[in-house]
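Student: My questions all concern the structure below.
The values are calculated or read from the model by the stated rules, or taken from the named source; none is laboratory data. Nothing here was measured: the structure is a model prediction, and the numbers come from that model. Backbone-built Cβ (ideal geometry, glycine too); neighbour counts: all protein chains shown. Accessible surface areas use protein heavy atoms only, side chains included; no ligands, DNA or RNA. Shrake-Rupley method; radii C 1.70, N 1.55, O 1.52, S 1.80 Å.
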Amino acid sequence: MTQHSPRSGLDRRQLIKGLGAVSLLPLISSVPPFTIGNQHAGQVVVAGGGFGGATAAKYLKRANPAIEVILVEPAEVFHTCPASNLYLGGIRSMESLAQVYDELKDRHGVRVIHASVDDVDPTAHTARLSTGRELEYDRLILSPGIDFRWNALEGYDEAAAQQAPHAWKAGAQTELLRSQLLAMEEGGTFVMVVPANPYRCPPAPYERASLVASFLARYKPKAKVLILDAKDSFSKQALFQQGWEELYGDRIEWVGHSGGGRAIRVDAARREVETESGTVHRADVLNVIPPQKAGTIAERAGTTDDSGWAPVKPETFESQHVEDVFVIGDAAIADPMPKSAFCASAQAKVVAAAVAASLEARPAPEAYWTHACYSLIGPEYAVSEAGVYRVQDGVIAEVAGAGGLSPQDASRTTRALEAEYAIGWYNAICQDTWGTKA
């Protein structure tokens, strides 16, 4: 992830706070809708009901209520990955991560089908569901998130994940990892395996290590955290490491690739990890974050390349390989934007505008995206980064000087304010995506 030069603390806090709220406002308010009296302005199928898909569905209906929007999502209750580390750290409940689709249906008129899209026929413009039903589409938006490259790390498959959970999709895996933490004996070691880029939410492993350390400091004060990393640098590294030293002393140990941190083999039953250097580490709790790729339907639809991710046209996020199919969120190749909930939401709004325009044969509005990312290092200690992106010379580029990182060596008051902003950011983006919970 691109690192930024820090601005002054006050100016930057205002920027972050503003991005956390203003950028969640409609980016498509300037897009003229179709005539409201139209009986049918096209049918759009959206696959995936996370931050990308649910936002795209909502903002399509806001752009033009005459568009028939069908959201296909297996889960009736969706648990968010953002804030799931707070659950692991004992700061939030699992229920507080739960989102439902009532407001999308009842207020915005989105048709919601709880199933998965299993296949796509781009010639016939149909999507086949897990129920066997076929849906016709004029435009298809794929927001399938990630899937895992099972066995890319030797020994780590779906069965191994039941003993050494990844918890990189929120829900049962998150609860399993939390139960293992609660049962861990005093003086034990929590070992986390972190993959090479790209993967979902670059700073999230380090936030997780932080909040696990916070939990251990309170309840198992002799326990430690070991991070085995396939990289030699990571997002917000200097800020994380400063926070670790301030809050946890030597409780967290990070070992990068050049220091022998790249895992090559896992024995989940024995909770052992072998690294490239030949060292075998034994964990009391083992959290393996495996290599990743775009959600399976992106591949089945023909949108992915050899990297396993989906290249898109920068201006609209239409697939570079398949006409009338758009890919957003973690599944898309959108460098330098990170794979994050905020970017998925921002991309969804741009795609909603582009799809609404294409159904009326109008040019898509000029695209821009904002990004804000908070990472909690302790319950009252957070750091952040922000960015703004536009299309320049045919590629997505970060706007120079428009973002930045939290200042190094900031006061505890500043860190505590950022922790408050982090909770406000999470509440705001969930409200924007799914609406008020019942």
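Student: Filter the range 239-256 for residues that are among the small types (G, A, S) and buried (at least 19 other Cβ atoms within 10 Å of the Cβ) and give the result.
Tutor: G243
Student: Another question, if that's okay. Restricting the first residue to the range 339-360 and requiring it to be modelled with pLDDT of 95 or more, which pairs with a second residue that is open to solvent by 10 Å² or more (accessible area, probe 1.4 Å) and acidic (D, E) meet a Cβ separation below 6 Å and a spacing of at least six or different chains?
Tutor: K339/D330
Student: Looking at the range 87-97, which of its residues are touching a residue at least 24 places away in the same chain (Cβ under 8 Å) and open to solvent by 10 Å² or more (accessible area, probe 1.4 Å)?
Tutor: Residues satisfying the conditions are Y87, G90, I91, M94.
Student: Output the residues belonging to the range 215-237 that are farther than 22 Å from L181 by Cα, out of contact with any helix residue (DSSP H, G or I) (no Cβ under 7 Å at 6 or more places or on another chain) and either open to solvent by 60 Å² or more (accessible area, probe 1.4 Å) or at pLDDT below 95 (or both).
Tutor: Once the filter is applied, which keeps residues that are farther than 22 Å from L181 by Cα, out of contact with any helix residue (DSSP H, G or I) (no Cβ under 7 Å at 6 or more places or on another chain) and either open to solvent by 60 Å² or more (accessible area, probe 1.4 Å) or at pLDDT below 95 (or both), the range 215-237 yields only S233.
Student: Scan the range 47-70 and give yes if some residue there is among the aliphatic types (A, V, I, L, M), within 16 Å of Y426 (Cβ to Cβ) and open to solvent by less than 10 Å² (accessible area, probe 1.4 Å), otherwise no.
Tutor: Yes: the range 47-70 contains one or more residues that are among the aliphatic types (A, V, I, L, M), within 16 Å of Y426 (Cβ to Cβ) and open to solvent by less than 10 Å² (accessible area, probe 1.4 Å).
Student: Can I ask one more? From A127, A115, grab the single residue that is farther than 30 Å from L211 by Cβ, at pLDDT 95 or above, in contact with a Leu (Cβ under 7 Å, 6 or more places away or on another chain) and not in a loop (DSSP other than H, G, I, E, B).
Tutor: One residue alone meets the criteria, A127.
Student: Considering only residues that are over 13 Å from E418 (Cα atoms) and either open to solvent by 40 Å² or more (accessible area, probe 1.4 Å) or among the aliphatic types (A, V, I, L, M) (or both), which ones fall in the range 376-397?
Tutor: Answer for the range 376-397, where residues must be over 13 Å from E418 (Cα atoms) and either open to solvent by 40 Å² or more (accessible area, probe 1.4 Å) or among the aliphatic types (A, V, I, L, M) (or both): V388, R390, V391, Q392, D393, G394, V395, I396, A397.
Student: Can you tell me how many residues in the range 156-180 are in a helix (DSSP H, G or I), open to solvent by 20 Å² or more (accessible area, probe 1.4 Å) and closer than 21 Å to L216 by Cβ?
Tutor: Counting residues in the range 156-180 that are in a helix (DSSP H, G or I), open to solvent by 20 Å² or more (accessible area, probe 1.4 Å) and closer than 21 Å to L216 by Cβ gives 6.
Student: Kindly provide the set of residues from the range 401-431 that are within 29 Å of G49 (Cβ to Cβ) and open to solvent by 20 Å² or more (accessible area, probe 1.4 Å), ordered by number.
Tutor: Scanning the range 401-431 gives E420, Y421, I423, G424, W425, N427, A428, Q431.
Student: Might you let me know whether the range 365-382 holds any residue that is among the aromatic types (F, W, Y), in a loop (DSSP other than H, G, I, E, B), more than 30 Å from V212 (Cβ to Cβ) and at pLDDT 95 or above?
Tutor: no
Student: Which residues, taken from the range 336-374, are open to solvent by less than 10 Å² (accessible area, probe 1.4 Å) and among the β-branched types (V, I, T)?
Tutor: V351, V355
Student: Looking at the structure I just gave you, is G259 open to solvent by 40 Å² or more (accessible area, probe 1.4 Å), of a type in the set (G, A, S) and on the phi > 0 side of the Ramachandran plot?
Tutor: It is false that G259 is open to solvent by 40 Å² or more (accessible area, probe 1.4 Å), of a type in the set (G, A, S) and on the phi > 0 side of the Ramachandran plot.
Student: Can F190 be described as in a helix (DSSP H, G or I) and among the aromatic types (F, W, Y)?
Tutor: Here the answer is no, as F190 does not meet what is asked.
Student: OK, next. Could you tell me whether any residue of the range 410-417 is part of a helix (DSSP H, G or I), free of Cβ contacts under 8 Å to residues at least 40 places away in the same chain and among the small types (G, A, S)?
Tutor: Yes, the range 410-417 has at least one match.
Student: Got a number for residues in the range 284-305 being hydrophobic (A, V, I, L, M, F, W, C) and either farther than 17 Å from Q163 by Cβ or over 27 Å from the mean Cα position of the chain (by Cα) (or both)?
Tutor: 4
Student: Residue by residue through the range 278-306, note down the ones that are open to solvent by 50 Å² or more (accessible area, probe 1.4 Å) and more than 27 Å from L177 (Cα to Cα).
Tutor: Once the filter is applied, which keeps residues that are open to solvent by 50 Å² or more (accessible area, probe 1.4 Å) and more than 27 Å from L177 (Cα to Cα), the range 278-306 yields E299, R300, D305, D306.
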